[in-house]
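What follows is one structure encoded as structure tokens, with my remarks underneath.
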Amino acid sequence: QMGFSSYFLVVRDIVRPVTRTCGRGSGAASLVAYCLRITNVCPIKHNLYFERFLNPGRQDAPDIDIDFAWDERDMVLQSVLQQYGCRTAMVCNHVSLQPKMAIRETAKVFGLPAAEINRVTKQLSGLRGFRGETGNLLTELQAMPRLRGFSFTDPWPEILHHAGQIIGAPRHLSVHPGGVVITPSPIADYVPVEHAAKGVPVVQWEKDGVEEAGLVKIDLLGNRSLGVIRDAIAQVRTNGVYFSEAQWQPEDDPKTRRLVKRGRTMGCFYIESPAMRLLQKKAGRGDFEHLVIHSSIIRPAANDCIREYLNRLHGGPRQPLHPLVDDTLTETYGIMVYQEDVSRVAVQLGFSAAEADRLRKIMSKKDKKQQLVDYRVRFFAAARSKGMDREIAEKTWQMMMSFDGYSFCKPHSASYAQVSFQAAWLKAHFPAEFMAAVISNQGGYYSTFAYLSEARRLGLQIHPPDVNSSNVHWHGRQDKLRVGFMAIRQLAGATRERIVRERKKRRFTTMLEFLQRVQPADDEARSLIHAGALDGLEKANTKTDTSLRPSAECSRAGLLYQLAHWQQRRSLAVGQLFPPRLVPPALPPDDHLDRLRNEYRTLGFLCHTHPVLLFDDHRKRCHTVLAKDIASFAGKPQNVRFLGWPIAGKVVGTKTGQPMEFLTFEDETEQVECTFFPATYQRCCHLFHAKAPLLLEGFVEQEFGASTLTVSHAWPVAGVSCQAMDTSCGKRRAR
């Protein structure tokens, strides 16, 4: 009836040449899309609600979202633009002024120099919780703990006043991440078109305007985890292991299920965040069906729903809201989890499918408050007609409101869960290849530092970069993980490629030979030395170069000397008449800490150890516990001390609007999820931005088998004695 058949065929043409895609969104509920291999989750097997995608009363055309590997998406977009020519264009975004940009633009109008503007705006970088919603930026900024005492001298108060008035004003058009419109005739006949800075044609309407005009949008998006899975499988095959995807069913693999159940999913798409891993531990379920629930229920406004879900999952007392609601939500324990649950409950209460879908849809709209007033009246009237009392109707409505702004439909969650299981299977069976692919694709939730810690916990040996063994990207095989050249800071892409290309001709044997063949810049050569990439070269041949002493060849200091010697010879070659003679000194062995510092500056991590081990003496003096032992203190009255390295954090607001933060810390043994409630957060938040360990004190809580540390005090390790911390704690407890 909607003439939608050609749309399916066009999307099929787009995905056909690409080997790895993920059809997601409500389109994954379509059996036609599944049969055409646009999506990869069977909607019958997983009981996906088709009416979320298409129903007879729907007025606007649904769209299908397709994920491609992040480094293949531009190629796919270019192919579509070439194939359909003047009949296609990308959707635009209307970019509005955000608080930081509004401040910067206003300061320019006042004629302030760039240095003065940067002096203030750099204080706002990474400032969480700064929204500019009050319109009074000066008051809002001065109230933030991090900016206490910062001087906003004239004319900054006036600048901040004017900047607060223009927040949200349109600034320019940008390109939508992946929205593409294809029309039967030239697209300019339907909508005004312009060319973006990158050269692609862009319609001048946002996605909502495109949909309201009746144009059909296809979302072609990039997903780094598809690149991770692709590269991990390629490495497995390169390492000589037979692997076929034809009958690959990772969700049925017991080893993978155990890994998911225990929350050991760092690096696995969508289920690697601290909150998600904690939910997996609390639920204690590793099957596909529960992971689909967890992928959707973990939304910002659903904390109460999550707690009730876990309580019911573990056999706690359950008070059904109403038979109509409970019968509709049997697979999710009577809790609304998916977007379509809103529609299904509304239909049970007498709404038509189209009206119920409209109710579901406006919950994510910015102007929903006025529209919801009418729907609320209709909802309560429908509930009353079905015999539901006012209190139950109110609880049901509030459960619907937990879908505020951000939530998933079940088809979308199922599509994501399948990608999650593929990643988890690779991690369970081929950890070295998987972790190499995760780090090489550079798109996970954590830093390379944190992923390397996870690799060590998996029993992998980290091998430093080596000019005769490393590739541009990381490589894994059996229990070994080799650092790629991409990890070395200040090493240009062209130089990385040149090293690999020259090595294929023949291996490097000496430092001077490497320098002559690769011709790296001076800072690149120093970075290679400090990263350890040149440690494996043979010692210089003193017979052919008598200016080198054997004592200079045994350390990185010796390699730096050879670099200086090569630089001298190179400067002589370009015409310097009287260069100073470089006399090789008798070099002492490298200082161990200096060597580690240089390695950390160059790579951002240490290859052979966790840096928290450098603070062992401090841990012993302060009687700290290891992360792996934290759970044994759950429920005990005494506080514990833990020295950990911060690797992830998320600031949230309490019901009263006060900021607090959930932070993940780790040592060499395990990770600990830590909670900083508002009072502690206000006192300690200035410590969280330094990339250094913190000494934490607090009590251990356990809920549904998962342990967390509620922090009461935190100190930087450097310059604070344990005795001073004991005194400080005593005073605070007394107060």
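Tabulated data for the structure shown
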item: Restraint check, K45/K410; K427/K628; K281/K628; K45/K282; K217/K410; K261/K281, Cα-Cα greater than 18 Å; result: K427/K628; K45/K282; K217/K410
item: Two-decimal log10 I(q)/I(0) for region 395-443, as the Debye equation yields it once each C-alpha is a single scatterer, q = 0.20, 0.27, 0.31, 0.33 Å⁻¹; result: -0.76, -0.97, -1.05, -1.08
item: Two-decimal ratio, region 137-245, of alpha-carbon radius of gyration to 2.2 N^0.38 Å; result: 1.85
item: Three-way shape label, region 202-327, alpha-carbon gyration tensor, a/c 1.5; result: oblate
item: Percentage relative contact order, region 273-368, counting C-alpha pairs under 8 Å, at least six apart; result: 19 percent
item: Order by protection proxy (mean Cβ within 10 Å, highest first), peptides 82-92, 384-394, 227-237; result: 227-237, 82-92, 384-394
item: Extension gain, T330 back to E206 (0.36 nm per residue minus Cα-Cα distance, nm); result: 40.8 nm
item: Mean shadow area of region 429-540 over all directions, Cα convex hull, nm²; result: 7.2 nm²
item: Quotient of Cα Rg and 2.2 N^0.38 Å for region 414-483, N being how many residues it contains; result: 1.12
item: Per residue accessible area of the chain, 1.4 Å probe, in Å²; result: 47 Å²
item: Compactness index (Cα Rg / 2.2 N^0.38 Å), region 581-640; result: 1.84
item: Computed over the chain: relative contact order in percent, which uses C-alpha pairs under 8 Å that are six or more apart; result: 11 percent
item: For the chain, convex hull volume per residue from C-alpha positions, Å³; result: 223 Å³
item: Gain in span if fully extended, A381 to A679, counting 0.36 nm per residue against the direct Cα distance; result: 102.9 nm
item: Efficiency of FRET from Cβ geometry, R517 and A275, R₀ 41 Å, rounded to 0.05; result: 0.25
item: Fraction of accessible area attributable to carbon and sulfur, the chain (%, probe 1.4 Å); result: 52 percent
item: Distance between region 284-312 and region 586-614 - C-alpha centres, whole angstrom; result: 43 Å
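The values are calculated or read from the model by the stated rules, or taken from the named source; none is laboratory data. The model shown is predicted, which means the values in this text are computed figures rather than measured ones. Ideal geometry is used to build each Cβ from the backbone, glycine not excepted, and the neighbour counts take in all protein chains shown. Just the protein is used for accessible areas: all its heavy atoms, side chains included, with ligands, DNA and RNA removed. Shrake-Rupley method; radii C 1.70, N 1.55, O 1.52, S 1.80 Å.
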